[in-house]
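Remarks on the structure that follows.
The values are calculated or read from the model by the stated rules, or taken from the named source; none is laboratory data. Note that the structure is a prediction, hence the values are computed from the model and not measured. Ideal geometry is used to build each Cβ from the backbone, glycine not excepted, and the neighbour counts take in all protein chains shown. Please note that ligands, DNA and RNA were not included when accessible areas were found on the heavy atoms of the full protein model with its side chains. Shrake-Rupley method; radii C 1.70, N 1.55, O 1.52, S 1.80 Å.
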Amino acid sequence: QVQLVESGGGLVQPGGSLRLSCAASGSIFNINAMGWYRQAPGKQRELVATITSGGSTNYSDSVKGRFTISLENGKSTVHLQMNSLKPEDTAVYYCNAAVRRFYGGRYNDYWGQGTQVTVSS
């Protein structure tokens, strides 16, 4: 099985910063892409940012210019640097990875357990 473990969430004041991290482990042949999604109470889960193994990135309009997604060397850990945080960023943030588990296999999506980010004064 594949496990994704997030860390770095917490409580921060508006305008502050947090850095989320997600480490993938388990039966991984290779990872095509990793990303971050978030879900606020009563709302649908939404895309925040994604990054491919080749380094291509995509951001939602609401976080462009404030958040930066990156991969560590080796491409099994993804980070989300969140700056200029707003109360509207408050949500549970989930890590996602598109993983090929064995040679010749298909890519499947795996999810972390989520980490709470609360932006409040």
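How about segment 2-17: which of its residues are open to solvent by 30 Å² or more (accessible area, probe 1.4 Å) and either part of a strand (DSSP E or B) or of a type in the set (Lys, Arg) (or both)?
Correct list: Gln3, Val5, Ser7, Leu11.
Quick one: how many residues across segment 106-116 are within 12 Å of the chain's Cα centre (by Cα) and open to solvent by less than 60 Å² (accessible area, probe 1.4 Å)?
Going through segment 106-116 one residue at a time, the tally reaches 4.
Among (1) over 17 Å from Gly114 (Cα atoms); (2) in contact (Cβ under 8 Å) with a residue 40 or more places away in the chain; (3) in a strand (DSSP E or B); (4) of a type in the set (A, V, I, L, M), which single condition is Ile51 missing?
The failed condition is (2).
Only residues in segment 104-117 that are within 15 Å of Glu6 (Cβ to Cβ) count as the first member; pair them with residues that are in a loop (DSSP other than H, G, I, E, B) and open to solvent by 80 Å² or more (accessible area, probe 1.4 Å), Cβ under 9 angstrom, at least 6 apart or cross-chain, and list the lot.
Pairs that qualify, where the first residue is within 15 Å of Glu6 (Cβ to Cβ) and the partner is in a loop (DSSP other than H, G, I, E, B) and open to solvent by 80 Å² or more (accessible area, probe 1.4 Å), are Tyr110/Gln1.
Please return the ranges of strands (runs of 3 or more DSSP E) entirely within segment 58-105 where 1 or more residues are over 22 Å from Phe29 (Cα atoms) and open to solvent by 70 Å² or more (accessible area, probe 1.4 Å).
Of the strands (runs of 3 or more DSSP E) lying wholly inside segment 58-105, those with at least 1 residues that are over 22 Å from Phe29 (Cα atoms) and open to solvent by 70 Å² or more (accessible area, probe 1.4 Å) span 67-71.
In segment 19-39, how many are small (Gly, Ala, Ser) and surrounded by fewer than 14 Cβ atoms within 10 Å (Cβ to Cβ)?
Within segment 19-39, the subset small (Gly, Ala, Ser) is 21, 23-27, 33, 35.
Those left that are additionally surrounded by fewer than 14 Cβ atoms within 10 Å (Cβ to Cβ): 25-27.
Matching residues across segment 19-39 total 3.
From (1) assigned to a loop (DSSP other than H, G, I, E, B); (2) modelled with pLDDT under 95; (3) under 25 Å from Asn108 (Cα atoms), pick out the condition that doesn't hold for Ile31.
Here Ile31 clears every test but (1).
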